[in-house]
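Data first, discussion second: the structure below is written as structure tokens.
The values are calculated or read from the model by the stated rules, or taken from the named source; none is laboratory data. None of the values given here were measured: they were computed from a predicted structure. Methodologically, a virtual Cβ is constructed for each residue, glycine included, from the backbone with ideal geometry; neighbour enumeration extends over all protein chains shown.
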Amino acid sequence: MKALLFDLDGTLVNSLEDIRRALNHVLKMCYASEIDSSQCMSVVGHGLRKALRDALWFSRAAYPEDEFEILYRELMDYYSAHACDYSRPYDGVTAFLERAKGRGCFLGVLSNKSDELVKKITGQLFPASIFDFVRGLREGEKPKPDNNGVLDYAKLCNVSLDDVTMIGDSDVDYLTARNAGVKSIIVSYGFRSEAELRAAGISPVVPDLEEVEKLLWN
């Protein structure tokens, strides 16, 4: 039985505008210039803490280092209240998940966002009980590309690693799969372009979910 493990942002959900607005909320507090969508795409993937640091760097924001945690808490408070204002599943994602579920697949989500946020977003944007596993970054755990989340998913589903495929949109997801010894499929419709992904030596890279289905079942 196949077990599919998805990244969240840029793979299942287009969350860019909500993330951008949350980051810009903090940048305004620092009297710094806002980041645009392209800059926002470049800072996501490693969790919101790093995204904030990178956004502050982009904007040349001046802030005392000992106040970074205050800024981060402000980011999380704002984003938690506005996580699904603009975020929506990419076209075809929900139907794809339902077809995979109909084939008897296990479905999971593994993200570098906080565990609470990941559960909140998936709960609001997707049908109840469609996922067998939903996990974000938990206190004391290492973020992707650490492989612990993948290994826990395989154990929960009682499947071998040979039956797990990681589906994501970035080098982080590719490296996560490689570190866990599972297959990966990386999509180029999310936050990283096909050229950027291929330049990183990633394969296979596919443009849409139709191609993902072909790789999985043809």
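A few remarks follow.
- Looking only at the stretch 92-150, and only at residues there that are β-branched (Val, Ile, Thr) and in contact with a strand residue (DSSP E or B) (Cβ under 9 Å, 6 or more places away or on another chain), the one that is surrounded by the most Cβ atoms within 10 Å (Cβ to Cβ): VAL109
- Residues of the stretch 49-71 satisfying the condition of being of a type in the set (Gly, Ala, Ser) and either touching a strand residue (DSSP E or B) at 6+ places or on another chain (Cβ under 7 Å) or surrounded by 13 or more Cβ atoms within 10 Å (Cβ to Cβ) (or both): ALA51, ALA55, SER59, ALA61
- Within the stretch 71-91, tally of residues that are in a loop (DSSP other than H, G, I, E, B) and without any contact (Cβ under 8 Å) to a residue 60 or more places away in the chain: 1
- In the stretch 66-84, the condition of being basic (Lys, Arg), in contact with a Cys (Cβ under 7 Å, 6 or more places away or on another chain), more than 16 Å from PHE131 (Cβ to Cβ) and not assigned by TED's automatic domain parsing to the domain that holds PRO207 is met by no residue.
- Beta carbons closer than 6 Å, at least 6 apart along the sequence or on distinct chains, pair a first residue in the stretch 92-110 that is in the same structural domain as ASN147 (by TED's automatic domain parsing) with a second that is assigned to a loop (DSSP other than H, G, I, E, B) and aliphatic (A, V, I, L, M) for VAL93/LEU12; LEU97/ILE130; GLY104/MET1; VAL109/LEU8.
- Checked against (1) part of a loop (DSSP other than H, G, I, E, B); (2) modelled with pLDDT of 90 or more; (3) in contact with a helix residue (DSSP H, G or I) (Cβ under 7 Å, 6 or more places away or on another chain), GLY104 meets all criteria but (3).
- Check on PRO207, surrounded by fewer than 14 Cβ atoms within 10 Å (Cβ to Cβ), touching a residue at least 12 places away in the same chain (Cβ under 8 Å) and either touching a Cys at 6+ places or on another chain (Cβ under 8 Å) or not small (Gly, Ala, Ser) (or both): yes
- Residues located in the stretch 151-170, provided they are in contact with a helix residue (DSSP H, G or I) (Cβ under 8 Å, 6 or more places away or on another chain), surrounded by fewer than 19 Cβ atoms within 10 Å (Cβ to Cβ) and either hydrophobic (A, V, I, L, M, F, W, C) or under 21 Å from LEU209 (Cα atoms) (or both): LEU151, LEU161, ASP163
- Any hit, the stretch 72-81, residues being at pLDDT 95 or above, buried (at least 21 other Cβ atoms within 10 Å of the Cβ) and more than 13 Å from the chain's Cα centre (by Cα): yes
- Hey, HIS46 modelled with pLDDT under 90 and surrounded by 13 or more Cβ atoms within 10 Å (Cβ to Cβ) or not: yes
- Any chance ASN148 is at positive phi and free of Cβ contacts under 8 Å to residues at least 24 places away in the same chain: no
- Within the stretch 147-179, tally of residues that are more than 17 Å from the chain's Cα centre (by Cα) and under 12 Å from LYS2 (Cα atoms): 9
- Of all residues in the stretch 196-216 being part of a loop (DSSP other than H, G, I, E, B) and aliphatic (A, V, I, L, M), the one that is farthest from LEU5 (Cα to Cα): ALA200
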